[in-house]
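Engineer: Mind looking over this structure? Questions follow.
The values are calculated or read from the model by the stated rules, or taken from the named source; none is laboratory data. In this text the structure is predicted, and so the values were computed from the model without any measurement. Please note: Cβ atoms are built from the backbone with ideal geometry, for glycine as well, and neighbour counts cover all protein chains shown. Areas reflect the complete protein model, heavy atoms only, side chains present, ligands, DNA and RNA absent. Shrake-Rupley method; radii C 1.70, N 1.55, O 1.52, S 1.80 Å.
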Amino acid sequence: MDSETLLARITDYENRPNPYPLYAELREAGPVVRQADGSYLVGNYHEVAALLHDPRMSVYPRTRGEVTHKPPFLRLDDPEHHRLRTLAMRPFGPPHSPGRVDAMRGEIDQITKELMEPFEAGQQLDVVDDFAYPLPVTVICRLLGIPREDEPLFRAWSDALVAAADVRPGEDTTETDKTGDQARIEMGGYLVNLAEQRRGKPSDDLLSAFVNELDPALRLTQEELAETAVLLLIAGHETTVNLIANGVLTLLRQPEQLDQLRRDPDLLPQAVEELLRYEPPVHMRERIPLADIDIAGTTVAQGTPVVLALASGNRDPRRFHEPDRFDPTRPDNQHLGFGSGIHFCYGAPLARLEAQAALGALLPHLGTARPVQDPPPYRQNAMLRGPRHLPVQL
């Protein structure tokens, strides 16, 4: 049956430029579709949202060999997930540091301004390499307290870890997993070393806050610090790069909506929410049932991988009016762009701020701009989908 190959086709690089017809096929095939490799694929909004909130669905892939290290909180279930996430949030956001992200607004605006300075009308800009990548990388480096000049070092580690996290049905992932594990160990060691240099010498960054926590009950162990710092560094830039690049490409393809935003920049926050729905940076998430579970009339056995297609749920006509239309004024936009439930994206407020600043800085230059290549070349990754390059003629 064709529906049994849906995940393989969605993750096939040939379909990276436009997986949305396949998501429509998935929704038509039913709320739950069994795949040839025995996993299940879910693409309807209400089922995906319900499963993201279901405590019987684990994020921990217990099927993958022996795990010799403690995973980051993103790969843990409650109560351990809640404990580590709460400790990681203390210096980053509410309730302990409510002003942290908002205080970066001016700094983010300044970084975007500096990134735009070298470019003039008539020039070619690679939105990814020249803008969408350097902005969140610079911001997360400042936030964590990492030297910006070390970027080439952690870029290679980051690429290896992101590749290992991808959804790749039917592929032998042994080598990719091994490379990812090695990158995680090296990157964790690098970040712990940076943090240790600040022990007893507090500065205004997250690594310093973690090692200088006064309450022993609220301190991360060295292993927890390594995993948390690696997660924050990678998650702090990888997805935002896609959000900005997908956003620019969407606006260039929608001149009417682009003009509307140029006339009324106050619509930007709403437009970013619509971009998170229409072209989300994260397309799918994997969950593992802790017991046999009924999903919309289908019994899924304990331990069977279930892939939740967030991007498909975002285009579900049962939830969104005219879902294939990009509408920056869309009301009631409860998208799945940041996930949902206990694993709702930790960095969502920062990603929103960065996307608004980036698009705000680019809008005045995009009036007559055109993509040099459409579709552009995409990243290999199916889960974190976005252009690898986006050359634009200003």
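Engineer: Scan 150, 129 and give me the residue that is loosely packed, with under 13 Cβ neighbours inside 10 Å and part of a helix (DSSP H, G or I).
Structural biologist: On the way: 129 fails: loosely packed, with under 13 Cβ neighbours inside 10 Å.
Being loosely packed, with under 13 Cβ neighbours inside 10 Å and part of a helix (DSSP H, G or I) holds for just one of 150, 129, which is 150.
Engineer: Continuing with this model, one more query. Pick out, from the range 197-273, the helices (runs of 4 or more DSSP H) lying fully within it that include 1 or more residues that are under 20 Å from residue 83 (Cβ atoms) and open to solvent by less than 10 Å² (accessible area, probe 1.4 Å). Give the steps one after another, and end with the answer.
Structural biologist: Values: elements: 206-211, 222-235, 238-253, 255-263.
Result: 206-211, 222-235.
Engineer: Exactly one condition in (1) at pLDDT 95 or above; (2) open to solvent by less than 30 Å² (accessible area, probe 1.4 Å); (3) not in a strand (DSSP E or B) is false for residue 382; which is it?
Structural biologist: That leaves (1) as the condition not met.
Engineer: Further question: If I ask for residues that are more than 21 Å from residue 228 (Cβ to Cβ) and either in contact with a strand residue (DSSP E or B) (Cβ under 6 Å, 6 or more places away or on another chain) or open to solvent by 70 Å² or more (accessible area, probe 1.4 Å) (or both), which ones from the range 75-106 would you list?
Structural biologist: 102, 103, 105
For (1) more than 23 Å from residue 164 (Cβ to Cβ); (2) assigned to a loop (DSSP other than H, G, I, E, B); (3) at pLDDT below 95; (4) of a type in the set (Phe, Trp, Tyr), each residue gets a yes or a no:
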| residue | (1), (2), (3), (4) |
| --- | --- |
| 21 | yes, no, no, no |
| 26 | yes, no, no, no |
| 38 | no, yes, yes, no |
| 49 | yes, no, no, no |
| 71 | no, yes, yes, no |
| 74 | no, no, yes, no |
| 88 | no, no, yes, no |
| 97 | yes, yes, yes, no |
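Engineer: Given (1) in contact (Cβ under 8 Å) with a residue 60 or more places away in the chain; (2) β-branched (Val, Ile, Thr); (3) touching a strand residue (DSSP E or B) at 6+ places or on another chain (Cβ under 8 Å), where does residue 250 come up short, assuming only one miss?
Structural biologist: (3)
Engineer: Considering only residues that are in contact with a Phe, Trp or Tyr (Cβ under 8 Å, 6 or more places away or on another chain) and in a helix (DSSP H, G or I), which ones fall in the range 289-340?
Structural biologist: Passing the criteria: 311, 312, 313.
Engineer: Check the range 279-287 and report whether any residue there is assigned to a loop (DSSP other than H, G, I, E, B), open to solvent by 40 Å² or more (accessible area, probe 1.4 Å) and either modelled with pLDDT under 95 or under 28 Å from residue 231 (Cα atoms) (or both). Step through it out loud before you land on a result.
Structural biologist: We begin by selecting, within the range 279-287, every residue assigned to a loop (DSSP other than H, G, I, E, B); these are 279-283.
From what's left, open to solvent by 40 Å² or more (accessible area, probe 1.4 Å): none.
For the range 279-287, residues assigned to a loop (DSSP other than H, G, I, E, B), open to solvent by 40 Å² or more (accessible area, probe 1.4 Å) and either modelled with pLDDT under 95 or under 28 Å from residue 231 (Cα atoms) (or both): absent.
Engineer: Condition (residue is open to solvent by less than 10 Å² (accessible area, probe 1.4 Å), free of Cβ contacts under 8 Å to residues at least 24 places away in the same chain and either over 30 Å from residue 254 (Cβ atoms) or of a type in the set (Gly, Ala, Ser) (or both)) applied to the range 308-323: is it met by at least one residue? Step through it out loud before you land on a result.
Structural biologist: Filtering the range 308-323 down to residues open to solvent by less than 10 Å² (accessible area, probe 1.4 Å) leaves 308-314, 316, 320.
Right, trim to free of Cβ contacts under 8 Å to residues at least 24 places away in the same chain and you get none.
No.
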